[in-house]
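Read the structure below first, then the notes.
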Amino acid sequence: EPEVTQTPSHQVTQMGQEVILRCVPISNHLYFYWYRQILGQKVEFLVSFYNNEISEKSEIFDDQFSVERPDGSNFTLKIRSTKLEDSAMYFCASSSNSPLHFGNGTRLTVT
Amino acid sequence: RKEVEQDPGPFNVPEGATVAFNCTYSNSASQSFFWYRQDCRKEPKLLMSVYSSGNEDGRFTAQLNRASQYISLLIRDSKLSDSATYLCVVSSYSSASKIIFGSGTRLSIRP
């Protein structure tokens, strides 16, 4: 069964550094998403992406965040200057219409 | 009012019991509804979509009440492996949009 893959599985970075989280969505899917989950809290929507542009974003997705689909397969989330409170599990998801299929997540630890 | 609201639990029930979870949503324009399960520190996985007429998948039954903006999940003959957090998921449009997760209901099945 095709699956969404995310790399790395765990990223440790210092506060103020830039990080790029990578995702390879399922190949025939057209809609891509990033969610995050702070430990012990709910899954929070960050952004959705369709037709090479952002279609929706949440209040969390401020100017420190950006997404890109640099080629036909990768979908990346960049955090420009990480803060301690960015520490969380980041999930990529894709869909052809609905529902969402999630990757295994990247655990981001900001120290 | 939260966009998607669930009873956080935890529900602690014996193996073989029937357990029901409820979820309410605030946006009357919501179109698609799902139940996901999430095991500890893992990605959410689709359990079942929720259709207007209600639907069943083995021991799991999902119901939707649009008038009351209410979704339910019933688990019959619960197994130890059903222990997880159950997430109610609602999307406002058919796709490429903000898909919102409830905070989840924790279920623990005891032998």
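Rule-based calculations on the coordinates, nothing more; no lab input. On a predicted model such as this, the values are computed, not experimentally measured, just so you know. A quick note on method: Cβ atoms are made from the backbone with ideal geometry, for glycine too, and the neighbour counts reach across all protein chains shown.
Observations on the model:
- J(HN,Hα) series, the stretch A:7-15, from Karplus relation 6.51 cos²θ - 1.76 cosθ + 1.60, nearest Hz, glycine and proline x: 9, x, 7, 9, 10, 10, 9, 8, 3
- When chain B is treated as a Gaussian network with alpha carbon springs shorter than 10 Å, the biggest mean-square fluctuation among B:Val90, B:Val13, B:Val50 belongs to B:Val13.
- Karplus-derived HN-Hα couplings along the stretch B:83-88 (A = 6.51, B = -1.76, C = 1.60, θ = phi - 60°), whole Hz, x at Gly and Pro: 4, 4, 9, 9, 10, 8
- A crude spin-label estimate for the pair A:Lys83 and B:Arg110, with each label 7 Å from Cα along the Cβ direction, gives 4.2 nm.
- Stokes-Einstein translational diffusion, chain A - Kirkwood Rh over all Cα pairs, 0.692 mPa s, 37 °C, in µm²/s: 237 µm²/s
- Here the simple spin-label model places points 7 Å from the Cα toward Cβ, and for B:Lys2 and A:Thr5 these points are separated by 3.6 nm.
- Contour minus Cα-Cα distance for A:Ile54 and A:Ile20 (0.36 nm per residue): 10.5 nm
- Free-standing Cys, chain B [no other Cys Cβ under 4.7 Å]: B:Cys40
- Amide H to amide H distances under 5 Å link A:Met15 with A:Thr111, where only residues 5 or more positions off or on other chains count and H is placed in the peptide plane.
- From phi via Karplus (6.51, -1.76, 1.60), per-residue ³J(HN,Hα) for the stretch B:17-33 in Hz, x at Gly/Pro: 6, 9, 9, 10, 10, 10, 8, 10, 10, 9, 8, 5, 7, 4, 10, 10, 9
- Between the amide H of A:Ser87 and those of A:Val110, distances stay under 5 Å, these residues lying 5 or more places away or on another chain, with hydrogens modeled in the peptide plane.
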